[in-house]
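Below is one structure; the comments refer to it alone.
Any read-out appearing in this document is the output of simple, stated calculations on the displayed coordinates, not a laboratory observation. This structure is a prediction, so every number in the text was calculated from the model and none was measured. Cβ placement follows ideal geometry from the backbone for every residue including glycine, while neighbour counts extend to all protein chains displayed.
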Amino acid sequence: MLNTIWFAIWGLLWAVYFMLDGFDFGAGILHPFIAKSDTERRLVINTLGPVWDGNEVWLVTAGGATFAAFPTTYAYMFSYLYTPLFFILISLIFRGVSFEFRGKIQSEGWAKFWDFIIFLFSFLPALLFGVAFGNIFEGLPMDAAGYHGTLIKLLNPYGLLTGVFFVLLFIEHGALWVAIKSTGTVSDRAKAVASKTWVILLIVAVLFLVYTKFATLLYDNYLANPVWFIVPLIAVISLLMIKVFMKSSYIKSFYASCLTILSVVFTGIVGLYPNLIPSSIDKAYSLTAFNSSSGPYTLKIMLIVVAIFVPIVIAYQIWSYKVFSKPLSEEDLHDKEVEIY
């Protein structure tokens, strides 16, 4: 029972991370295109300024939970997927540095350089996270002799499709975030991008669902327990509601986007259970919630830790989002009490 609970917690932590840092990635990818002047780009960056580092706490939490609850999976994951995970880590470091360094020197060339870094290292982790999870859904070529894959093999059609799917999810999410957190021309451009991106996202989502049937075994759990089809059904409905709500409330569209990302991730998690990293060679070599977990005592202690500290993190983030809930305008950037970057 503890193993199943921790499998669900593991999936939830990753889902929450993608939901929160997803709009950071999306806004970072979009900001050179929806912001035409330096002031407009600063406006987009400042919508992320108070929250982006707090959002990444969930990545640390998800990684820490993997290490504590499923240490064997953690070890194999950072061995087999070392190169893409290394690129993700480097991307997150440079992205964080770019937010801080961009405004340190008043130079157009300096600002443009860091704008490009923000774009590149928002796009790269979004793509690589999708590629990594796509390969996990598909199963890694591993057996008693170890891992038989390479970085090139990770860039297979299904992995790349999953990567593109993640990028589009985050672009849509980021466009909606900028739309509700900014005013004027920038907000209008973000709304236009959200509307156009949604159509492409819908097409790719359909392709992803169809290809998943042929490339993975994720649907086996659903066919064995049809009640779980409620999870992908929620994902489909919430994706459709993003577009519906655009006619009346972009805030509701953003919430629908949050639910879409959560349910998309859980669609994969439910399909994986009990596997954490399935083997594409032989199921006997798959890493599961049972053969790669810590002992019962550790799982119990960690469950208490999660029950105490995760609500504290959630409460802090709710407070921070409430404090910085007001949409920003270009005039706000001249207010030293408001300007961050």
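The trypsin sites (Lys or Arg not before Pro) found in the stretch 244-292 that occupy coil by DSSP, while having at most 11 further C-beta atoms within 10 Å, are K247.
Once the Cα atoms of helix 82-101 and of the chain are each reduced to a long axis, what angle between those two axes, in degrees from 0 to 90 to the nearest 10, is obtained? That helix lies at roughly 20 degrees to the long axis. Quick one: grab the alpha carbon gyration tensor of the stretch 45-140, order the square roots of its eigenvalues as a ≥ b ≥ c, and give me rounded if a/c is under 1.5, else prolate or oblate depending on whether a/b is larger than b/c. Prolate is the answer for the stretch 45-140, as a/c is 1.5 or above and a/b outweighs b/c. Length gained on full extension, A75 to N225: 50.9 nm, using 0.36 nm per residue less the C-alpha separation. As a proxy for reagent exposure, ranking H31, H148, H173 by other Cβ atoms within 10 Å from fewest up yields H148, H31, H173. Under the classification rounded if a/c is under 1.5, otherwise prolate if a/b is larger than b/c and oblate if not, where does the stretch 13-58 fall, given a ≥ b ≥ c as square roots of the Cα gyration tensor eigenvalues? It is oblate, given that a/c is not under 1.5 and a/b is not larger than b/c. The angle between the Cα long axis of helix 250-272 and the main principal axis of the chain comes to about 20°, on a 0 to 90 degree scale.
So how do 13-21, 153-161 stack up, highest first, on mean other-Cβ count within 10 Å? List each step's numbers first, then the result.
Details: 13-21: 22.8, 153-161: 16.7.
Per-residue Cβ counts within 10 Å, averaged per peptide and sorted highest first, yield 13-21, 153-161.
GNM on the chain, alpha-carbon springs under 10 angstrom: the most fluctuating residue among Y219, Y74, Y316 is Y316. Site pair I5 and I93 shows an inter-label distance of 3.7 nm when each label is modelled 7 Å from Cα along Cα→Cβ. Using a cut-off of 18 Å between alpha-carbon atoms, which lysines can reach K252, once sequence neighbours fewer than 8 places away in the same chain are excluded? Hits, sequence-local ones excluded: K181, K191, K196, K243, K322, K326.
Return a whole-number percent for the relative contact order of the stretch 2-334, with Cα pairs under 8 Å and 6 or more residues apart as the contact set. Kindly include the intermediate steps, with their values, before the conclusion.
Values: 454 pairs, mean separation 90.1, N = 333.
It rounds to 27 percent for the stretch 2-334.
As a rough footprinting exposure proxy, the listed residues Y273, Y297, Y80 were ranked by other beta carbons within 10 Å of their own, and the order from fewest upward is Y297, Y273, Y80.
Listed values for the stretch 195-200 are Karplus-derived 3J(HN,Hα) couplings in whole Hz (6.51 cos²θ - 1.76 cosθ + 1.60, θ = phi - 60°), namely 5, 6, 5, 4, 5, 5, and x replaces Gly and Pro.
If the segment from I251 to L303 were pulled out straight at 0.36 nm per residue, it would be longer than the present Cα-Cα gap by 15.4 nm.
Could you line up W58, W110 from fewest to most neighbouring Cβ atoms inside 10 Å?
On the way: W58 22, W110 14.
Fewest-to-most ranking of W58, W110: W110, W58.
State to the nearest 20 debye the size of the charge dipole of the chain about its Cα centre, where the only charges are +1 on K and R beta carbons and -1 on D and E beta carbons.
On the way: 21 positive and 21 negative charges, 99 e Å.
Result for the chain is approximately 480 debye, rounded to the nearest 20.
If R0 is 35 Å, the Cβ-Cβ spacing of T185 and L240 corresponds to a FRET efficiency of close to 0.75.
Modelled spin-label separation between F290 and F86, with each label point placed 7 Å from Cα along the Cα-to-Cβ direction: 3.6 nm. With Rg and Dmax of the Cα atoms in Å defined as stated, name the option among (i) 20.2, 62; (ii) 24.6, 78; (iii) 34.5, 119 computed from the structure displayed. Evaluating Rg and Dmax of the Cα atoms in Å on these atoms matches (i).
Can you give the FRET efficiency to the nearest 0.05 for F214 and V323, using r as the Cβ-Cβ distance and R₀ = 51 Å?
Numbers: r = 47 Å, r/R0 = 0.93.
For R0 = 51 Å, the calculated efficiency reads 0.60.
A Förster radius of 30 Å combined with the Cβ-Cβ distance from I200 to V60 puts the calculated FRET efficiency at roughly 0.40.
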